[in-house]
1. Can you go through 102, 167, 148, 125 and tell me which one is out of contact with any Cys (no Cβ under 7 Å at 6 or more places or on another chain) and in a loop (DSSP other than H, G, I, E, B)?
2. Within the stretch 50-71, can one find any residue that is within 15 Å of residue 407 (Cα to Cα), at pLDDT 95 or above and not hydrophobic (A, V, I, L, M, F, W, C)?
3. So which residues in the stretch 88-99 are surrounded by fewer than 20 Cβ atoms within 10 Å (Cβ to Cβ) and not in a loop (DSSP other than H, G, I, E, B)?
4. Look through the stretch 60-78, keep the residues that are in a loop (DSSP other than H, G, I, E, B) and of a type outside the set (Lys, Arg), and return whichever of them is surrounded by the most Cβ atoms within 10 Å (Cβ to Cβ).
5. Please work out which residue is most open to solvent (accessible area, probe 1.4 Å), limiting yourself to the stretch 244-267 and to residues that are outside any helix (DSSP H, G or I) and out of contact with any Pro (no Cβ under 6 Å at 6 or more places or on another chain).
6. Quick one: what pairs do we get from the stretch 31-59, first residue outside any helix (DSSP H, G or I), second among the aliphatic types (A, V, I, L, M) and open to solvent by 80 Å² or more (accessible area, probe 1.4 Å), C-beta under 7 Å, 6+ apart or different chains?
7. Does residue 120 fit the bill of being at pLDDT 95 or above and open to solvent by less than 50 Å² (accessible area, probe 1.4 Å)?
Amino acid sequence: MLNRVSQQITKINRLNHVRYYSSTIVKNGISDVKLNDQSKDSKSYIDMHDKVIMNTYGRVTDFVVTHGKGSYLYDMKGDKYLDFGAGIAVNALGHSEDHWVEVLSSQAKKVTHLSNLYYNQPAIELAQSLISNSKQFDKVFFTNSGTESNEAALKFAKKYGISKSPEKYEIIAFTQGFSGRSMGALSCTYKQKYREIYGPLLPGVHFAKYNDIESVRKLVDKNKTAAIIIEPVQGEGGLEAASVDFMKSLYELCQQNDVVLIVDEVQCGIGRTGRLWAHERFLDVCKPDIMTLAKPLAGGLPIGAVLVTDKIANVMKPGDHGTTFGGGPLITKVGGYVFNKIAQKEFLDSVNEKGKYLLNGLETLQRKYPTIIKELRSTGGLFIGLELSHPVKDFIKQAHEKDKILLISAGDNTIRLCPPLNISKDEIDQVLGCIENYLQSYKQ
């Protein structure tokens with residue numbers, strides 16, 4: 001008996017020793033560094049970032065965010081910044097909006113993750129809201145991001161095309177378009193600097209000129225082309241918008257050749273243009289088969305969605321596509337709150353009103369500084385491209401350091417104005433003042 005007990009103790013000690021050994025690995029300059037989240041000195045955090053996080057982003061220098069509220073972010077130094085980029089058009093209701101926090105907290109106390117082996121109420125409720133507020137689509141597939149939404153859309157479209165013919169799998173995308181960073185979505189992203197470093201990507205992808213229907217006609221092949229993917233307003237492409245006439249002709253071309261039309265509203269959808277959907281601008285003459293969504297859908301949490309017609313849904317069977325996290329109860333509960341708030345007419349009216357207010361202010365500045373402001377681009381709402389006569393890098397830096405305003409670009413020469421959708425006019429005035437300060441200093 002004692003020997004048996006002794007053997008058990010020895011076994012436990014060995015297990016404890018293994019655990020103890022594995023927990024005391026020391027990597028000099030990493031595990032022996034104590035980070036103080038109450039400190040006002042961000043250098044230790046940035047130094048640790050450089051040691052433990054891959055160098056894939058060009059981050060703002062000496063700026064570590066601690067928290068946000070409304071339209072503002074706060075850094076370790078205690079400084080307050082007006083966030084006019086909204087996490088690249090993600091934080092549609094600003095940061096930590098009170099009821100958003102309540103919904104998140106309440107659902108977190110119930111259940112957060114199930115996998116897609118089981119039905120869950122919030123996902124079904126959000127899907128119901130999405131379809132009920134769409135004239136065109138019948139079914140939803142939930143994802144975790146914009147690139148996943150586009151990746152799924154490409155797979156659905158290719159499955160439809162191949163169901164017609166084994167050779168019907170090619171895709172047409174557009175110049176200056178950005179579809180994402182996963183291999184399929186990346187294949188449809190125009191800039192070579194994003195694509196060429198990874199060697200061969202998805203075969204059969206061709207690029208037409210945005211807003212040029214003849215360039216599309218030259219590429220479409222009824223026997224080979226499965227889908228065309230297009231952003232109604234190009235986020236990374238300087239906020240260029242597809243014209244109604246172009247989309248009408250594009251739809252007719254798709255109909256003639258049985259080509260699936262995908263509208264990528266990852267950035268421009270869900271109220272950003274003052275309409276619930278960016279494709280509403282041309283819905284009378286162009287009826288897409290698939291729409292992809294993501295950024296603002298859960299107001300800051302990772303979610304995406306693919307809306308499809310029954311024509312597309314009917315070719316997909318259980319096991320044809322899937323995701324572990326997509327459509328989880330926590331994320332879709334928050335998504336339901338955000339979406340249903342934005343979808344209200346009063347909310348969209350306010351987005352349009354404030355968008356016009358911002359655009360009017362910019363047009364006034366353009367009249368004062370016509371040689372510096374080259375072009376203003378807007379189809380409505382709070383999604384405006386401000387193109388200058390020169391690169392905007394120094395302007396973004398000056399706005400951050402001098403005016404405590406966070407701006408983002410869309411290409412080298414264009415500022416992408418995409419604040420929280422509930423931004424105030426007083427906050428818009430701050431940004432207009434910041435822009436005028438820069439224009440005055442540049443002119444001098």
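1. The match here is 167.
2. yes
3. 88, 98, 99
4. This residue is 71.
5. Step by step, filter the stretch 244-267, then rank; the result is 258.
6. 31/25; 32/26
7. For residue 120, the condition - at pLDDT 95 or above and open to solvent by less than 50 Å² (accessible area, probe 1.4 Å) - is met.
Matching residues to (1) over 16 Å from residue 89 (Cβ atoms); (2) touching a Phe, Trp or Tyr at 6+ places or on another chain (Cβ under 9 Å); (3) open to solvent by 40 Å² or more (accessible area, probe 1.4 Å):
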{"position": "302", "(1), (2), (3)": "no, yes, yes"}
{"position": "309", "(1), (2), (3)": "yes, yes, no"}
{"position": "315", "(1), (2), (3)": "yes, yes, no"}
{"position": "320", "(1), (2), (3)": "yes, yes, yes"}
{"position": "333", "(1), (2), (3)": "yes, no, yes"}
{"position": "342", "(1), (2), (3)": "no, no, no"}
{"position": "357", "(1), (2), (3)": "yes, no, yes"}
{"position": "365", "(1), (2), (3)": "yes, no, no"}
{"position": "371", "(1), (2), (3)": "yes, no, yes"}
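The values are calculated or read from the model by the stated rules, or taken from the named source; none is laboratory data. Small disclaimer: the values here were computed from a predicted structure and weren't measured. Note that we place each Cβ from the backbone using ideal geometry, even for glycine, and neighbour counts take in every protein chain shown. The protein model used for the area step is the full one, side chains on, heavy atoms only, and it has no ligands, DNA or RNA in it. Shrake-Rupley method; radii C 1.70, N 1.55, O 1.52, S 1.80 Å.
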